[in-house]
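Heads up, the thing below is written out as C-alpha coordinates.
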Amino acid sequence: MSNSKSKSSSLHEKAGISPPEITNVSAINEIQKKRKLQPSSTELVDGILSSSRTALSRAITLIESTNPEHLTKANEVIKDCLPHANNSVRIGITGVPGVGKSTFIEAFGKYLTQSGKKVAVLAVDPSSSLSHGSILGDKTRMEELVKDENAFIRPSASGATLGGVARKTREAIILCEAAGFDIIIIETVGVGQSETTVHSMVDFFLLLKISGAGDELQGIKRGIMEMADAIVINKADGDNVKKANLAKVEFNRALHLFPIKKSAWQPKVTTCSAVTKDGIPEVWNTISSYFEQTKESGYFFENRKDQNHFWMMETINEQLKSKFYSQPNILSELEKNKKAVQNDEISPFAAAQNLLELYFKQDYK
Ligand SMILES: Nc1nc2c(ncn2[C@@H]2O[C@H](COP(=O)(O)OP(=O)(O)O)[C@@H](O)[C@H]2O)c(=O)[nH]1
Ligand SMILES: [Mg+2]
(Lines give C-alpha, C1' and ligand atoms only; values in the text may rest on other atoms or scores of the structure.)
(Ligands and ions follow the chains in the order given, each with its own letter.)
Protein backbone atom coordinates (compact mmCIF):
# COMPACT_ATOMS: atom_id res chain seq x y z
CA MET A 1 0.00 0.00 0.00
CA SER A 2 2.76 2.40 0.88
CA ASN A 3 4.30 1.58 -2.48
CA SER A 4 1.27 2.56 -4.44
CA LYS A 5 1.08 5.74 -2.40
CA SER A 6 4.61 6.77 -3.25
CA LYS A 7 4.06 6.04 -6.91
CA SER A 8 1.10 8.31 -7.05
CA SER A 9 3.02 11.04 -5.26
CA SER A 10 3.53 14.12 -7.32
CA LEU A 11 7.27 13.64 -6.83
CA HIS A 12 7.09 10.67 -9.18
CA GLU A 13 4.82 12.29 -11.64
CA LYS A 14 7.50 12.50 -14.31
CA ALA A 15 9.14 9.17 -13.64
CA GLY A 16 10.04 7.64 -16.97
CA ILE A 17 10.17 10.92 -18.80
CA SER A 18 13.79 11.73 -19.57
CA PRO A 19 14.85 15.34 -19.33
CA PRO A 20 15.71 17.07 -22.58
CA GLU A 21 19.34 16.60 -23.64
CA ILE A 22 20.16 20.22 -23.84
CA THR A 23 19.08 22.36 -20.97
CA ASN A 24 18.96 26.06 -21.50
CA VAL A 25 22.52 26.94 -22.56
CA SER A 26 22.15 30.64 -22.05
CA ALA A 27 20.90 30.03 -18.51
CA ILE A 28 23.99 27.97 -17.76
CA ASN A 29 26.22 30.71 -19.11
CA GLU A 30 24.36 33.23 -17.06
CA ILE A 31 24.86 31.20 -13.89
CA GLN A 32 28.53 30.68 -14.61
CA LYS A 33 28.99 34.37 -15.24
CA LYS A 34 27.35 35.17 -11.91
CA ARG A 35 29.63 32.69 -10.17
CA LYS A 36 32.62 34.40 -11.71
CA LEU A 37 31.31 37.71 -10.41
CA GLN A 38 31.54 36.44 -6.87
CA PRO A 39 35.04 35.18 -6.27
CA SER A 40 35.87 33.55 -2.96
CA SER A 41 37.74 35.49 -0.31
CA THR A 42 40.89 33.47 -1.05
CA GLU A 43 40.61 34.35 -4.73
CA LEU A 44 40.18 37.99 -3.82
CA VAL A 45 43.20 37.96 -1.52
CA ASP A 46 45.32 36.23 -4.18
CA GLY A 47 44.15 38.80 -6.71
CA ILE A 48 44.91 41.73 -4.42
CA LEU A 49 48.35 40.41 -3.52
CA SER A 50 49.15 40.02 -7.20
CA SER A 51 48.09 43.66 -7.73
CA SER A 52 44.87 42.97 -9.61
CA ARG A 53 42.88 46.17 -9.66
CA THR A 54 39.71 44.22 -10.43
CA ALA A 55 40.13 42.12 -7.28
CA LEU A 56 40.89 45.27 -5.31
CA SER A 57 37.75 46.99 -6.61
CA ARG A 58 35.59 43.98 -5.83
CA ALA A 59 36.95 43.67 -2.33
CA ILE A 60 36.30 47.35 -1.67
CA THR A 61 32.75 46.86 -2.93
CA LEU A 62 32.35 44.11 -0.33
CA ILE A 63 33.61 46.46 2.39
CA GLU A 64 31.03 49.01 1.31
CA SER A 65 28.16 46.54 1.22
CA THR A 66 25.52 46.44 3.92
CA ASN A 67 24.85 42.74 3.32
CA PRO A 68 26.08 40.80 6.41
CA GLU A 69 27.38 37.96 4.20
CA HIS A 70 29.50 40.41 2.23
CA LEU A 71 30.78 41.87 5.46
CA THR A 72 31.94 38.49 6.73
CA LYS A 73 33.75 37.91 3.46
CA ALA A 74 35.21 41.42 3.55
CA ASN A 75 36.55 40.79 7.05
CA GLU A 76 38.26 37.61 5.89
CA VAL A 77 39.89 39.47 3.03
CA ILE A 78 41.03 42.30 5.31
CA LYS A 79 42.47 39.86 7.84
CA ASP A 80 44.56 38.13 5.17
CA CYS A 81 45.66 41.41 3.62
CA LEU A 82 46.68 43.01 6.90
CA PRO A 83 50.13 41.35 7.14
CA HIS A 84 50.90 42.79 3.68
CA ALA A 85 49.71 46.32 4.45
CA ASN A 86 51.53 49.23 6.11
CA ASN A 87 54.26 49.60 3.50
CA SER A 88 52.98 52.88 2.26
CA VAL A 89 52.64 56.50 3.06
CA ARG A 90 49.21 58.01 3.51
CA ILE A 91 48.61 61.59 2.48
CA GLY A 92 45.44 63.53 3.26
CA ILE A 93 44.45 66.40 0.99
CA THR A 94 41.78 68.92 1.83
CA GLY A 95 40.57 72.25 0.51
CA VAL A 96 37.32 73.96 -0.34
CA PRO A 97 35.50 72.99 -3.55
CA GLY A 98 37.04 74.73 -6.54
CA VAL A 99 40.49 75.11 -5.01
CA GLY A 100 41.78 72.51 -7.50
CA LYS A 101 42.04 69.29 -5.48
CA SER A 102 41.13 67.01 -8.37
CA THR A 103 43.36 68.82 -10.83
CA PHE A 104 46.17 68.82 -8.27
CA ILE A 105 45.78 65.11 -7.53
CA GLU A 106 45.91 64.39 -11.26
CA ALA A 107 49.15 66.37 -11.67
CA PHE A 108 50.70 65.16 -8.43
CA GLY A 109 49.61 61.56 -9.04
CA LYS A 110 51.07 61.56 -12.55
CA TYR A 111 54.32 63.01 -11.22
CA LEU A 112 54.51 60.16 -8.71
CA THR A 113 53.63 57.35 -11.12
CA GLN A 114 56.18 58.71 -13.57
CA SER A 115 58.81 58.34 -10.90
CA GLY A 116 57.86 54.69 -10.49
CA LYS A 117 55.40 54.95 -7.61
CA LYS A 118 52.00 53.31 -7.37
CA VAL A 119 49.29 55.71 -6.28
CA ALA A 120 45.82 55.01 -4.90
CA VAL A 121 43.29 57.82 -4.50
CA LEU A 122 40.40 57.38 -2.09
CA ALA A 123 37.89 59.97 -0.97
CA VAL A 124 36.11 60.76 2.24
CA ASP A 125 33.16 62.91 1.40
CA PRO A 126 30.17 62.66 3.72
CA SER A 127 28.14 64.77 1.31
CA SER A 128 28.73 62.41 -1.58
CA SER A 129 25.83 60.11 -0.78
CA LEU A 130 23.71 63.03 -1.89
CA SER A 131 25.81 64.04 -4.87
CA HIS A 132 26.58 60.43 -5.86
CA GLY A 133 30.29 60.64 -5.18
CA SER A 134 31.93 63.90 -6.09
CA ILE A 135 35.09 62.15 -7.21
CA LEU A 136 33.07 60.36 -9.89
CA GLY A 137 32.41 63.63 -11.68
CA ASP A 138 36.02 64.50 -10.91
CA LYS A 139 37.22 61.51 -12.85
CA THR A 140 37.02 63.76 -15.86
CA ARG A 141 39.60 65.99 -14.14
CA MET A 142 41.75 62.93 -13.52
CA GLU A 143 41.64 61.67 -17.08
CA GLU A 144 45.29 60.72 -17.24
CA LEU A 145 45.46 59.20 -13.79
CA VAL A 146 42.36 57.08 -14.39
CA LYS A 147 44.08 55.47 -17.39
CA ASP A 148 47.38 55.03 -15.58
CA GLU A 149 48.00 51.43 -14.67
CA ASN A 150 50.02 52.48 -11.66
CA ALA A 151 47.10 54.40 -10.25
CA PHE A 152 43.83 53.38 -8.65
CA ILE A 153 41.00 55.83 -8.09
CA ARG A 154 38.01 55.06 -5.94
CA PRO A 155 35.16 57.46 -5.24
CA SER A 156 33.88 57.98 -1.73
CA ALA A 157 31.90 55.23 -0.10
CA SER A 158 28.44 56.44 0.63
CA GLY A 159 27.11 56.01 4.10
CA ALA A 160 24.75 57.49 6.58
CA THR A 161 27.47 58.55 9.01
CA LEU A 162 30.94 59.99 8.68
CA GLY A 163 32.07 57.22 11.05
CA GLY A 164 30.76 54.59 8.67
CA VAL A 165 32.42 56.18 5.66
CA ALA A 166 35.64 56.49 7.66
CA ARG A 167 35.71 52.82 8.64
CA LYS A 168 35.25 51.78 5.03
CA THR A 169 38.03 54.12 3.94
CA ARG A 170 40.40 52.78 6.62
CA GLU A 171 39.75 49.26 5.42
CA ALA A 172 40.15 50.27 1.78
CA ILE A 173 43.58 51.71 2.70
CA ILE A 174 44.65 48.29 4.00
CA LEU A 175 43.57 46.59 0.78
CA CYS A 176 45.28 49.21 -1.41
CA GLU A 177 48.50 48.75 0.54
CA ALA A 178 48.31 44.97 0.22
CA ALA A 179 47.85 45.47 -3.53
CA GLY A 180 51.22 47.23 -3.58
CA PHE A 181 50.18 50.87 -3.74
CA ASP A 182 52.90 52.79 -1.96
CA ILE A 183 51.26 56.18 -1.89
CA ILE A 184 47.68 56.48 -0.68
CA ILE A 185 46.01 59.82 -1.20
CA ILE A 186 42.84 60.51 0.75
CA GLU A 187 40.89 63.46 -0.52
CA THR A 188 38.26 65.26 1.46
CA VAL A 189 36.24 68.42 1.19
CA GLY A 190 35.83 70.81 4.06
CA VAL A 191 32.49 69.48 5.19
CA GLY A 192 31.72 69.03 8.87
CA GLN A 193 34.25 66.93 10.69
CA SER A 194 35.65 65.23 7.61
CA GLU A 195 39.09 66.89 7.86
CA THR A 196 39.55 65.72 11.43
CA THR A 197 38.51 62.24 10.39
CA VAL A 198 40.93 62.16 7.49
CA HIS A 199 43.69 63.66 9.62
CA SER A 200 43.33 60.70 11.98
CA MET A 201 43.98 58.19 9.20
CA VAL A 202 46.91 59.73 7.36
CA ASP A 203 50.61 60.35 7.98
CA PHE A 204 50.74 63.72 6.28
CA PHE A 205 48.02 66.33 5.96
CA LEU A 206 48.06 68.84 3.13
CA LEU A 207 45.83 71.88 2.92
CA LEU A 208 45.27 73.23 -0.57
CA LYS A 209 44.53 76.96 -0.85
CA ILE A 210 44.29 79.67 -3.46
CA SER A 211 45.34 83.24 -2.99
CA GLY A 212 42.39 85.46 -2.30
CA ALA A 213 41.73 89.14 -2.12
CA GLY A 214 44.56 89.84 0.29
CA ASP A 215 43.31 88.74 3.66
CA GLU A 216 44.37 85.15 3.22
CA LEU A 217 43.70 83.94 6.70
CA GLN A 218 40.10 85.00 6.80
CA GLY A 219 37.60 82.22 6.78
CA ILE A 220 40.01 79.38 7.50
CA LYS A 221 39.12 77.27 10.46
CA ARG A 222 41.97 77.50 12.94
CA GLY A 223 41.77 73.77 13.59
CA ILE A 224 42.50 72.98 9.97
CA MET A 225 45.53 75.28 9.88
CA GLU A 226 46.77 73.55 13.00
CA MET A 227 46.41 70.09 11.45
CA ALA A 228 48.22 71.00 8.23
CA ASP A 229 51.76 69.69 7.68
CA ALA A 230 51.91 71.75 4.51
CA ILE A 231 49.86 74.47 2.92
CA VAL A 232 50.09 74.50 -0.86
CA ILE A 233 48.82 77.58 -2.65
CA ASN A 234 47.48 76.32 -5.94
CA LYS A 235 46.75 78.19 -9.17
CA ALA A 236 50.07 80.04 -8.93
CA ASP A 237 50.11 80.66 -12.67
CA GLY A 238 49.66 83.63 -15.02
CA ASP A 239 48.61 86.79 -13.24
CA ASN A 240 48.22 84.88 -10.01
CA VAL A 241 51.89 84.18 -9.35
CA LYS A 242 52.55 87.42 -7.48
CA LYS A 243 49.46 87.11 -5.29
CA ALA A 244 50.29 83.49 -4.54
CA ASN A 245 53.76 84.45 -3.38
CA LEU A 246 52.34 87.13 -1.09
CA ALA A 247 49.90 84.60 0.32
CA LYS A 248 52.78 82.25 0.95
CA VAL A 249 54.51 84.84 3.11
CA GLU A 250 51.33 85.48 5.07
CA PHE A 251 50.61 81.79 5.70
CA ASN A 252 54.18 81.17 6.71
CA ARG A 253 54.00 83.93 9.26
CA ALA A 254 50.73 82.58 10.63
CA LEU A 255 52.00 79.01 10.87
CA HIS A 256 54.96 80.12 12.94
CA LEU A 257 52.57 81.44 15.55
CA PHE A 258 51.19 77.98 16.26
CA PRO A 259 52.70 75.85 19.01
CA ILE A 260 55.28 73.28 17.93
CA LYS A 261 53.68 70.06 16.73
CA LYS A 262 54.06 66.73 18.48
CA SER A 263 55.84 65.55 15.34
CA ALA A 264 58.35 68.42 15.80
CA TRP A 265 57.79 69.18 12.11
CA GLN A 266 57.59 72.80 11.09
CA PRO A 267 54.77 73.03 8.52
CA LYS A 268 55.84 74.35 5.11
CA VAL A 269 54.10 76.65 2.68
CA THR A 270 54.72 76.33 -1.05
CA THR A 271 53.03 77.46 -4.23
CA CYS A 272 52.16 75.39 -7.28
CA SER A 273 50.09 75.23 -10.40
CA ALA A 274 48.20 72.02 -11.04
CA VAL A 275 47.79 73.24 -14.63
CA THR A 276 51.38 74.17 -15.55
CA LYS A 277 52.74 71.63 -13.01
CA ASP A 278 55.13 74.24 -11.60
CA GLY A 279 55.91 73.49 -7.97
CA ILE A 280 54.58 69.91 -8.04
CA PRO A 281 58.00 68.28 -7.49
CA GLU A 282 58.55 70.67 -4.58
CA VAL A 283 55.39 69.40 -2.91
CA TRP A 284 56.75 65.87 -3.06
CA ASN A 285 60.12 67.08 -1.75
CA THR A 286 58.40 68.62 1.26
CA ILE A 287 56.43 65.44 1.93
CA SER A 288 59.52 63.27 1.52
CA SER A 289 61.53 65.30 4.00
CA TYR A 290 58.65 65.04 6.47
CA PHE A 291 58.73 61.25 6.18
CA GLU A 292 62.50 61.19 6.53
CA GLN A 293 62.38 63.33 9.65
CA THR A 294 59.45 61.60 11.37
CA LYS A 295 60.64 58.09 10.58
CA GLU A 296 64.01 58.93 12.03
CA SER A 297 62.49 60.39 15.19
CA GLY A 298 60.05 57.48 15.48
CA TYR A 299 57.02 59.80 15.45
CA PHE A 300 55.76 58.26 12.19
CA PHE A 301 55.36 54.84 13.81
CA GLU A 302 54.06 56.16 17.13
CA ASN A 303 51.43 58.15 15.32
CA ARG A 304 50.23 55.07 13.42
CA LYS A 305 49.92 53.17 16.68
CA ASP A 306 47.93 56.02 18.21
CA GLN A 307 45.71 56.07 15.13
CA ASN A 308 45.07 52.34 15.38
CA HIS A 309 44.08 52.74 19.00
CA PHE A 310 41.83 55.65 18.11
CA TRP A 311 40.12 53.67 15.35
CA MET A 312 39.52 50.68 17.55
CA MET A 313 37.73 52.92 20.05
CA GLU A 314 35.88 54.73 17.29
CA THR A 315 34.65 51.45 15.84
CA ILE A 316 33.37 50.28 19.21
CA ASN A 317 31.62 53.59 19.82
CA GLU A 318 30.15 53.67 16.35
CA GLN A 319 28.80 50.13 16.55
CA LEU A 320 27.39 50.50 20.05
CA LYS A 321 25.60 53.61 18.94
CA SER A 322 24.23 52.13 15.77
CA LYS A 323 23.05 49.02 17.63
CA PHE A 324 21.32 51.13 20.26
CA TYR A 325 19.55 53.28 17.69
CA SER A 326 18.48 50.32 15.57
CA GLN A 327 16.34 48.69 18.28
CA PRO A 328 12.66 49.32 17.53
CA ASN A 329 11.63 49.26 21.20
CA ILE A 330 14.38 51.75 22.07
CA LEU A 331 13.24 54.05 19.29
CA SER A 332 9.65 54.06 20.46
CA GLU A 333 10.67 54.60 24.09
CA LEU A 334 13.03 57.32 22.92
CA GLU A 335 10.14 59.19 21.33
CA LYS A 336 8.04 58.90 24.50
CA ASN A 337 10.91 60.05 26.69
CA LYS A 338 11.70 62.95 24.38
CA LYS A 339 8.16 64.25 24.84
CA ALA A 340 8.30 63.68 28.58
CA VAL A 341 11.55 65.66 28.78
CA GLN A 342 10.06 68.46 26.70
CA ASN A 343 7.05 68.62 29.02
CA ASP A 344 9.31 68.67 32.08
CA GLU A 345 7.80 65.43 33.32
CA ILE A 346 11.19 63.79 33.64
CA SER A 347 14.76 65.04 33.82
CA PRO A 348 16.96 64.43 30.76
CA PHE A 349 19.31 62.30 32.87
CA ALA A 350 16.55 60.11 34.24
CA ALA A 351 15.16 59.68 30.72
CA ALA A 352 18.59 58.66 29.41
CA GLN A 353 18.96 56.25 32.33
CA ASN A 354 15.59 54.64 31.53
CA LEU A 355 16.57 54.07 27.93
CA LEU A 356 19.98 52.69 28.75
CA GLU A 357 18.52 50.33 31.32
CA LEU A 358 15.99 49.13 28.82
CA TYR A 359 18.78 48.58 26.29
CA PHE A 360 21.05 46.66 28.65
CA LYS A 361 18.16 44.46 29.84
CA GLN A 362 17.83 43.11 26.31
CA ASP A 363 19.40 39.89 25.27
CA TYR A 364 21.70 40.35 22.27
CA LYS A 365 23.08 37.81 19.94
N1 LIG B 1 44.64 78.43 -13.49
C2 LIG B 1 44.52 77.31 -12.77
N3 LIG B 1 43.32 76.70 -12.68
C4 LIG B 1 43.22 75.57 -11.95
C5 LIG B 1 44.35 75.00 -11.29
N6 LIG B 1 43.94 73.91 -10.64
C7 LIG B 1 42.62 73.77 -10.88
N8 LIG B 1 42.18 74.78 -11.67
C9 LIG B 1 40.81 74.97 -12.13
O10 LIG B 1 39.97 75.20 -11.02
C11 LIG B 1 38.70 74.61 -11.21
C12 LIG B 1 38.36 73.68 -10.05
O13 LIG B 1 39.29 72.59 -10.04
P14 LIG B 1 38.96 71.19 -9.35
O15 LIG B 1 40.19 70.38 -9.52
O16 LIG B 1 37.71 70.61 -9.86
O17 LIG B 1 38.75 71.63 -7.84
P18 LIG B 1 38.19 70.77 -6.61
O19 LIG B 1 36.75 71.12 -6.46
O20 LIG B 1 38.96 71.25 -5.42
O21 LIG B 1 38.41 69.33 -6.89
C22 LIG B 1 38.77 73.90 -12.54
O23 LIG B 1 38.19 74.71 -13.52
C24 LIG B 1 40.25 73.74 -12.80
O25 LIG B 1 40.57 73.70 -14.17
C26 LIG B 1 45.62 75.68 -11.44
O27 LIG B 1 46.65 75.28 -10.89
N28 LIG B 1 45.63 76.81 -12.18
MG1 LIG C 1 37.19 67.72 -6.84
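State which residue is nearest to ligand 2 (Cβ to nearest atom) when the search covers only the range 81-98 and only residues that are buried (at least 22 other Cβ atoms within 10 Å of the Cβ) and among the aliphatic types (A, V, I, L, M).
Checked the range 81-98; the qualifying residue nearest to ligand 2 (Cβ to nearest atom) is Ile93.
Regarding the range 58-72, can at least one residue be identified that is exposed (fewer than 15 other Cβ atoms within 10 Å of the Cβ), of a type in the set (A, V, I, L, M, F, W, C) and more than 16 Å from ligand 1 (Cβ to nearest atom)?
yes
With assigned to a helix (DSSP H, G or I), loosely packed, with under 15 Cβ neighbours inside 10 Å, within 23 Å of the chain's Cα centre (by Cα) and not assigned by TED's automatic domain parsing to the domain that holds Phe205 as the only criterion, which of Lys338, Lys321 stands out?
On the way: Lys338 fails: within 23 Å of the chain's Cα centre (by Cα).
Exactly one residue qualifies, and that residue is Lys321.
Looking at the range 82-111 only, could you name the residues that are closer than 19 Å to Ala178 by Cβ and either more than 16 Å from ligand 1 (Cβ to nearest atom) or among the polar types (S, T, N, Q) (or both)? Explain how you work it out, then say what you get.
The first filter runs over the range 82-111 and keeps only residues closer than 19 Å to Ala178 by Cβ, leaving 82-91.
Those that are closer than 19 Å to Ala178 by Cβ and either more than 16 Å from ligand 1 (Cβ to nearest atom) or among the polar types (S, T, N, Q) (or both): Leu82, Pro83, His84, Ala85, Asn86, Asn87, Ser88, Val89, Arg90.
Considering only residues that are modelled with pLDDT under 95 and more than 15 Å from the chain's Cα centre (by Cα), which ones fall in the range 80-94?
Result: Leu82, Pro83, His84, Ala85, Asn86, Asn87, Ser88.
Scan the range 95-111 and report the pairs whose first residue is farther than 13 Å from Lys209 by Cβ and whose second residue is near ligand 2 (Cβ under 9 Å from one of its atoms) and basic (Lys, Arg), with Cβ atoms within less than 9 Å and a gap of 6+ or a chain change.
Cβ pairs passing all conditions: Ser102/Arg141; Thr103/Arg141; Ile105/Arg141; Glu106/Arg141.
Give me a count of the residues in the range 307-318 that are closer than 16 Å to Arg90 by Cβ and surrounded by 13 or more Cβ atoms within 10 Å (Cβ to Cβ). Write out each step before concluding.
We begin by selecting, within the range 307-318, every residue closer than 16 Å to Arg90 by Cβ; these are 307-308, 310-311.
Still in the running and surrounded by 13 or more Cβ atoms within 10 Å (Cβ to Cβ): 307, 311.
Of the residues in the range 307-318, 2 are closer than 16 Å to Arg90 by Cβ and surrounded by 13 or more Cβ atoms within 10 Å (Cβ to Cβ).
The values are calculated or read from the model by the stated rules, or taken from the named source; none is laboratory data. As the structure is a prediction and not an experimental result, all values here were calculated from the model. Note: ideal-geometry Cβ built from the backbone for every residue, glycine included; neighbour counts use all protein chains shown.
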